[in-house]
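No value in this document is a laboratory result; all are computed from the given coordinates. Please read these numbers as outputs of a predicted model, since none were measured by experiment. No Cβ is skipped: glycine too gets one built from the backbone with ideal geometry, and neighbour counts run over all protein chains shown.
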Amino acid sequence: YRLNNATIVVAPQGIGATIQNGLITVRGPSADFYKENSKVIITVVDTTAAVSGSATLTVSASAAIESIVFGELTTDDQTLKGKDINVETMSKDAGKYYLPITVKDQYGNVLKAEELGSLTLINSDPSIVQFADTKLVNDSRYGTVIKFKNTVNGRAGQVIITAIGVKSGGEGVVTENKAITILEHPQIDQV
């Protein structure tokens, strides 16, 4: 945060460079201004401390999805945690549940929700679970998660969540599936 007022010099110069909490963002006037395998020199000058640093970077190919891994459907709500997930839960409290998903690019970087515009999510049966209007969100503790919303006239059964992404180099796709089982309404079993 102490570098937020530092001067950023970029060669070749684009249309702007900013630094925010240690993250430098460089922008070109067009999407192909910084070409793959070209060199970019970034220099940070902090006039307050009278120090500077410079690095030469190589522009890599744009990130593409290399792997997808699902976690387990879970919640942080203490009244729901550890309990069976049934039709009633999905019709009243679906928004309290999330499904972690880890997507990595060809360089091993974990991609955040805003970087996953090309990821396709498919729900095999929206009457069992429904995606939230904003399907993918960043969670400060768990990374990228899939969010849900309450079902209307929901039903029990198994649903398959499928994630499909374009592999690096456009060479095919990577696909991952996650089965989620929603139980029937709870019934009185013993009095």
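Stretched out fully, how many nm does the piece from Val166 to Leu183 gain, at 0.36 nm a residue minus the Cα gap?
Values: separation 17, 0.36 × 17 = 6.12 nm, distance 3.37 nm.
2.8 nm is the gain from fully extending Val166 to Leu183.
In region 52-185, if the dipole is taken from +1 on Lys/Arg beta carbons and -1 on Asp/Glu beta carbons about the Cα centre, which of Leu57, His185, Leu73 is farthest to the positive end?
Final value for the positive-end residue is His185.
Just to be sure I understand the model, the point goes 7 Å from the Cα along the line to the Cβ. What's the resulting Asn21 to Arg141 distance in nm?
1.8
In the chain, with Lys and Arg counted as +1 and Asp and Glu as -1 at Cβ, which of these residues, Asn37, Asn153, Gly82, has the Cα nearest the positive end of the dipole, that is, farthest along it?
Asn37
Let me have the relative contact order for region 90-191, percent, based on Cα pairs under 8 Å that are six or more residues apart. Kindly include the intermediate steps, with their values, before the conclusion.
On the way: 186 pairs, mean separation 29.7, N = 102.
In percent, rounded to a whole number, it is 29.
In what sequence, highest mean first, do 143-153, 43-53 appear when ranked by Cβ atoms within 10 angstrom?
Details: 143-153: 17.3, 43-53: 12.0.
Final packing ranking: 143-153, 43-53.
If all Cα-Cα distances of region 142-191 are sorted into 10 Å bins from 0 onward, what percent lands in each bin, rounded to whole numbers?
Histogramming region 142-191 at 10 Å steps yields 17, 34, 27, 14, 5, 2, 0 percent.
What does the extension gain come out to for Ile8 and Asn153, with contour length at 0.36 nm per residue minus their alpha carbon separation? Please report the intermediate quantities before stating the final value.
On the way: separation 145, 0.36 × 145 = 52.20 nm, distance 5.59 nm.
Full-extension gain reported as 46.6 nm.
What number, rounded to the nearest 500 deg cm²/dmol, is the helix-based mean residue ellipticity at 222 nm of the chain, given -39500 (n - 2.57) per DSSP H run of at least four residues and division by all its residues? All intermediate terms of the calculation are to be shown ahead of the outcome.
Numbers: 1 runs with 6 residues, N = 191.
Here the helix-only value at 222 nm equals -500 deg cm²/dmol.
In region 94-171, if the dipole is taken from +1 on Lys/Arg beta carbons and -1 on Asp/Glu beta carbons about the Cα centre, which of Ile164, Gln130, Ala113 is farthest to the positive end?
Checked the options; the winner is Gln130.
Counting other Cβ atoms within 10 Å, keep those with at most 12, restrict to DSSP loop, and tell me which chymotrypsin sites (Phe, Trp or Tyr not before Pro) in region 1-77 are left. Write down the numbers at each step before the final one.
On the way: sites: Tyr1, Phe33, Tyr34, Phe70; in loops: Tyr1, Phe33, Tyr34.
Those satisfying the criteria are Tyr1.
My understanding is that a pair violates if its Cα-Cα distance is over 31 Å; which of Lys112/Lys178; Lys92/Lys167; Lys35/Lys149; Lys35/Lys112; Lys83/Lys167; Lys39/Lys135 do that in this structure? Intermediate results must be reported in sequence, preceding the final value.
Working: Lys112/Lys178 19 Å; Lys92/Lys167 37 Å; Lys35/Lys149 42 Å; Lys35/Lys112 23 Å; Lys83/Lys167 37 Å; Lys39/Lys135 37 Å.
From the list (Lys112/Lys178; Lys92/Lys167; Lys35/Lys149; Lys35/Lys112; Lys83/Lys167; Lys39/Lys135), the Cα-Cα distance tops 31 Å for Lys92/Lys167; Lys35/Lys149; Lys83/Lys167; Lys39/Lys135.
Only one of the values [x] 1.62; [y] 1.39; [z] 1.26 was calculated from this structure for Cα Rg over 2.2 N^0.38 Å; name its label.
Label [y] holds the value from this structure.
Which of the GluC sites (Glu not before Pro) found in region 98-191 are in a DSSP loop and have at most 11 neighbouring Cβ atoms, other than their own, within 10 Å? Don't skip to the end; give the middle numbers.
Working: sites: Glu114, Glu115, Glu171, Glu176, Glu184; in loops: Glu171, Glu184.
Taking region 98-191 and a limit of 11 other Cβ atoms within 10 Å, the loop GluC sites (Glu not before Pro) found are Glu171.
Jot down the radius of gyration and Dmax of region 1-103, Cα atoms only, both in angstrom.
That works out to 22.5, 63 Å for Rg and Dmax.
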